[in-house]
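Trainee: Below you will find the structure I want to go over with you.
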Amino acid sequence: MPLNMDDELTAQLRRVLASVEQLLPKAIGPIDWGRTLAANWRRHSFAGYLEAVDELDPVQLADLLGIERQKQVLDENTRQFVRGFPSNNVLLWGSRGTGKSSLVRALLNTYAAQGLRVIQVDKDDLIYLPDIFAAIKGQPYRFVFLCDDLSFEPGESSYKMLKSALDGSVYAAPENVRFYVTSNRRYLLPEYETDNLGFKMVNNDLHPGEGVEEKSSLSDRFGLWVAFHRFSQDQYLELVRQTIARFCEESGLAPVWDVTLEQAAIKWSHDKSKRCGRTALQFARYWVGQELLRRS
């Protein structure tokens, strides 16, 4: 039996509503920051919303070994921030797996009771910074915006938005917001050999060219640069030894360290082509797990 005009119109309206519903962000209430310690910005079509993170990494500052100077610098800046004292935005740059992101998560666990909160924002979502600022406006908490593993290509719109937020211009961050950005690039942009061709002498002073000036213009807006470098072999082995000792203590095993284990740890780092905290942690997990499996 053919549909009449009303039935056809109703069917069309349902299809339109179903299509529009897919474009809209899901209905979600405002976050209770008294109970929520961290959130992610979730983009949905042309809008977005803050989504609470229910399970947090339990990492503590004491768990992060081999980066004592970096811990001290960022811990002091974070204590200044949560107490309402002058503090800086921070660029944590350097080799992968050296503890940059883990350090920010450990600081959240340390200072959450004092009002610290973390909002993670992906690079492509930096254009929504004004919306995120509006979502936390008036909250009596201190927010660290974590931009993890950040790097840009020339001309990206999110680059300009972050630069504006750090610069204190039209889209300036509120007083209770600081940016902690992690990156493998010191200037957050790719560096080329031709960058050095723009240097010139002016009144006996060496001045960088426009390309270099532009690349450093964003990173210069971070008050603190905290560098993370690859470990030496001795530093790496000491970190492996301490991590294995901690896992053994937690598992009820007697701590072990000998030449055979040392050589196995060195081979593991060679296979990974990297000496860093992540590699040491992965080897410690492997060895202790194997030892527990063997004894069971």
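The values are calculated or read from the model by the stated rules, or taken from the named source; none is laboratory data. Just so it is clear, the model here is predicted, and its values are computed rather than measured. Note that we place each Cβ from the backbone using ideal geometry, even for glycine, and neighbour counts take in every protein chain shown.
Trainee: Checking Arg83 against (1) at pLDDT 95 or above; (2) under 20 Å from Phe222 (Cβ atoms), which single condition isn't satisfied?
Mentor: Of the numbered conditions (1) at pLDDT 95 or above; (2) under 20 Å from Phe222 (Cβ atoms), the odd one out for Arg83 is (2).
Trainee: May I pose another question? Testing Gln263 on (1) buried (at least 18 other Cβ atoms within 10 Å of the Cβ); (2) farther than 28 Å from Val90 by Cβ, one condition comes back false. Which one is that?
Mentor: For Gln263, the failing item is (1).
Trainee: Can you name the residue in the range 59-104 that is in contact with a Phe, Trp or Tyr (Cβ under 7 Å, 6 or more places away or on another chain) and of a type in the set (Ser, Thr, Tyr) and, of all such residues, is nearest to Ser273 (Cα to Cα)?
Mentor: Per the criteria, the residue is Ser95.
Trainee: Need the failing condition index for Leu56 against (1) touching a strand residue (DSSP E or B) at 6+ places or on another chain (Cβ under 8 Å); (2) modelled with pLDDT of 95 or more, just the number.
Mentor: (2)
Trainee: Please enumerate the residues belonging to the range 249-296 that are of a type in the set (S, T, N, Q) and closer than 21 Å to Gln233 by Cβ.
Mentor: Thr260, Gln263, Ser269, Ser273, Thr279, Gln282
Trainee: Is one or more of the residues making up the range 195-203 part of a helix (DSSP H, G or I), at pLDDT 90 or above and either of a type outside the set (Phe, Trp, Tyr) or within 18 Å of Gly94 (Cβ to Cβ) (or both)?
Mentor: Keep residues of the range 195-203 that are part of a helix (DSSP H, G or I), which gives 195-198.
Within this subset, residues satisfying the condition of being at pLDDT 90 or above are none.
So far as the range 195-203 goes, no, none of its residues is part of a helix (DSSP H, G or I), at pLDDT 90 or above and either of a type outside the set (Phe, Trp, Tyr) or within 18 Å of Gly94 (Cβ to Cβ) (or both).
Trainee: Does at least one position in the range 283-290 carry a residue that is more than 20 Å from Val59 (Cβ to Cβ) and surrounded by fewer than 19 Cβ atoms within 10 Å (Cβ to Cβ)?
Mentor: yes
Trainee: Another one. Regarding the range 221-228, can at least one residue be identified that is at pLDDT below 90 and either surrounded by 16 or more Cβ atoms within 10 Å (Cβ to Cβ) or of a type in the set (D, E, K, R) (or both)? Walk me through it before giving the result.
Mentor: Just the residues of the range 221-228 that are at pLDDT below 90, to begin with: none.
There is no residue in the range 221-228 that is at pLDDT below 90 and either surrounded by 16 or more Cβ atoms within 10 Å (Cβ to Cβ) or of a type in the set (D, E, K, R) (or both).
Trainee: Let me ask something additional. I'd like the full set of residues that are assigned to a loop (DSSP other than H, G, I, E, B) and surrounded by fewer than 21 Cβ atoms within 10 Å (Cβ to Cβ), limited to the range 98-122. Can you show your working first?
Mentor: We begin by selecting, within the range 98-122, every residue assigned to a loop (DSSP other than H, G, I, E, B); these are 98-99, 115, 121-122.
Correct list: Gly115, Asp122.
Trainee: Hey, among the residues in the range 139-172 that are of a type in the set (Asp, Glu) and over 18 Å from the mean Cα position of the chain (by Cα), which one's surrounded by the most Cβ atoms within 10 Å (Cβ to Cβ)? Give the derivation first.
Mentor: Let us first name the residues in the range 139-172 that are of a type in the set (Asp, Glu), namely 148-149, 153, 156, 167.
Then drop every residue that is not over 18 Å from the mean Cα position of the chain (by Cα), which leaves 153, 156, 167.
Values: Glu153: 8, Glu156: 16, Asp167: 14.
Checking each candidate, the answer is Glu156.
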